[in-house]
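Here the structure is laid out as structure tokens; the discussion comes afterwards.
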Amino acid sequence: MNNSEDDNRIQINDLLEEIKAELARARAKFPGDNVTMLALMEEVGELAKATFEEPRANVRKEAVQVAVMAMRVVLDGDATITQWRADKGLDALI
């Protein structure tokens, strides 16, 4: 393995650790399964805004928050859309 592959692996591992830490913080601060889809969309908007108007560090922060909210949709679901999904014949998110 060359240095570039090692550097990439380190960067990925560092990012995953950052995402895991933010996921734990977000779940502690906002427990439960309500409005995760809405929160994800809000974070995507903040990422888009940061991409065009803010320094790279802020873009990274917003990108991590998007990743966290996407994970929460998978891990926690979103109770606010459970009935809507059921009415459409779809299963619950979790």
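None of the figures in this text is laboratory data; all of them are computed from the coordinates on show. Owing to the predicted nature of the structure, the values given are computational and were not obtained by experimental measurement. So basically every Cβ, Gly included, is an ideal-geometry build from the backbone, and we count neighbours across all protein chains shown.
Rounded to the nearest 10 degrees, the inclination of helix 36-53 to the longest alpha-carbon principal axis of the chain is 40 degrees. The modelled label-to-label distance for the pair Glu53/Asp7, using points 7 Å beyond Cα in the direction of Cβ, is 3.3 nm.
Each of the peptides 3-15, 51-63, 81-93, 33-45 was scored by the mean count of other Cβ atoms within 10 Å over its residues; in descending order, highest first, they stand as 33-45, 51-63, 81-93, 3-15.
Each Cα pair under 8 Å and six or more residues apart adds its sequence gap; the mean of these over the residue count of segment 3-87 is a relative contact order of 40 percent. Taking a straight line from the alpha carbon of Lys61, these lysines sit under 18 Å away, with near neighbours fewer than eight places off in the same chain left out: Lys20, Lys29, Lys49.
Along each principal axis, taking the top coordinate minus the bottom one, the Cα set of the chain gives 52, 34, 26 Å in descending order.
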